[in-house]
Every structure is written in C-alpha cells, then in structure tokens.
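Right, one structure below, let's go through it.
Every number in this text was worked out from the coordinates using simple rules, so none of it is lab data. All values derive from a computational prediction rather than experimental measurement. Neighbour counts are summed over all protein chains in view; Cβ atoms, including those assigned to glycine, are modelled from backbone coordinates with ideal geometry.
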C-alpha cells in the first residue's frame with residue numbers, strides 16, 4: 001500500500017548526460033513537489049504542481065525541469081547534470097496547500113560521475 | 001520571511017529514556033501549522049506530529065508529544081521511552097495557514113538523534 005513511489009531508488013549518471021526521475025502517487029493528491037536534499041541538510045524545494053499548474057522556485061536552476069502528465073505521475077528532468085547535482089531527490093504530495101500534511105516518497109539517490 | 005531554527009545538530013539518548021528536541025521559529029503570521037518529520041537513515045521522511053497554532057492544547061501521538069509555546073515561538077518535541085527505531089534525523093517545519101505565495105513548507109536544518117542501547 002505504498003502511497004508515494006519513486007523510481008529508481010538509485011540512479012547513476014555521467015556528467016552532462018540527461019536523467020529523468022519518476023514519482024507516482026496513489027493518494028489522488030492535487031499537489032506534487034520535488035525537493036533536493038544534500039547530505040545532512042534540510043530538503044530544498046525545487047518546484048511544485050497544483051494539478052497542472054507549475055510553480056518554479058526562484059532559485060531553481062534552469063537545468064531542472066518537471067512534467068506532470070496526469071494526476072498520478074510527476075517527473076524530474078535534469079538536462080545536464082553536474083557534480084553539484086548529486087543529491088537525494090524527494091517527491092512529496094499533499095491534498096492542498098498550507099493546512100495539509102505532505103507525504104514523502106523514499107527518494108532517489110542521484111550520483112553523478 | 002519565515003525561519004525555523006533547530007539549535008541542536010545532534011542529540012543522543014539512552015534507550016527507554018526521554019529526550020527533548022528544540023525548535024524555534026520566526027513568523028509574523030498568527031495562524032499556521034507546525035510539524036515534526038522523522039527521516040531514518042536511508043528511509044523516507046514521515047510525519048511524526050502536527051500542531052495547529054490556533055489550538056492551545058499540545059499535540060500528542062503515542063510516545064511523541066510537543067510543547068508548543070506560541071508567544072515564545074517555540075515548538076519542542078518530546079520522545080518518551082525512546083526506542084532504537086527512533087534513531088533518525090528529525091526536522092521541524094512550518095507552514096502558514098493563509099497559503100498563497102507563502103505556501104512553502106519551511107524546514108529547520110534538522111537534529112540527528114542517536115539512541116544508545
């Protein structure tokens with residue numbers, strides 16, 4: 001009965017080689033978030049979708065893109081990964097904003113060689 | 001802008017003992033939500049407990065309880081009868097009720113809790 005699923009759990013890519021991370025949810029939540037979390041740090045919000053409305057954080061690099069083809073799925077595309085993009089990427093969902101708890105997936109650990 | 005401060009980067013506790021993790025926050029909002037999330041090593045982040053600012057009663061979930069002091073902007077987490085499975089990074093987080101452009105969940109830097117057998 002997994003609620004927020006992320007694939008793959010571990011991803012290795014080469015410097016500059018595009019990579020896509022996947023998130024799916026069975027909660028039918030309206031909002032899906034992508035966070036970047038580096039070692040021993042708090043998660044940093046990259047962007048979120050409310051339904052099909054996309055909201056990018058001001059300091060999210062252009063190298064990071066996202067797609068949400070339907071309610072259940074959301075993808076994080078890193079167009080040209082650099083060494084500094086190695087991190088854990090967390091997907092989260094919530095029914096709405098502010099009052100609603102966010103539910104996190106297990107994360108994808110990205111390694112850039 | 002809202003900020004969340006966890007002043008204890010690391011804490012340790014003996015199994016079966018009680019430990020309190022500190023969190024303070026800064027906001028000009030009067031209505032908001034506060035959360036404690038737990039992130040075990042290599043495992044997903046899960047919600048431990050949630051407090052609504054307009055409720056004076058402190059939230060409790062089994063062995064986990066909070067001490068919410070709104071005037072002092074303090075939100076500490078108490079773990080009673082600590083278990084080995086409680087070992088994790090704990091994040092305090094804030095979210096304003098009003099939403100809009102301030103919808104963002106603001107996290108503290110986390111407190112790494114070690115439970116010693």
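Annotations
- Over the C-alpha atoms of segment B:51-95, the Rg to Rh ratio, Rh being the Kirkwood estimate, stands at 0.99.
- Mean per-residue shielding of peptide B:39-47 is 5, counting Cβ atoms of other chains within 10 Å of each Cβ.
- Mean shadow area of chain B, taken as a quarter of the surface of its Cα convex hull (nm²): 7.0
- FRET efficiency estimate (nearest 0.05) - Cβ-Cβ, residue B:71 to residue A:3, R0 35 angstrom: 0.45
- What separates the Cα centres of segment A:12-31 and segment B:21-60 is a distance of 27 Å.
- All-pairs alpha carbon distance profile, the protein assembly as shown, 5 Å steps from 0, percent: 1, 7, 14, 18, 18, 17, 13, 8, 4, 1, 0
- Convex hull volume of the C-alpha atoms in segment A:52-113, normalised per residue: 110 Å³.
- The protection proxy used here, the mean number of other Cβ atoms lying within 10 Å of each residue, ranks peptides A:25-35, A:80-90 as follows, highest first: A:25-35, A:80-90.
- Computed log10 I(q)/I(0) for segment A:13-88 at 0.11, 0.21, 0.22 Å⁻¹: -0.28, -0.98, -1.06, from the Debye equation with unit scatterers placed on every C-alpha and solvent omitted.
- Label point distance in nm, residue A:39-residue B:8, each placed 7 Å from Cα along Cα→Cβ: 2.5
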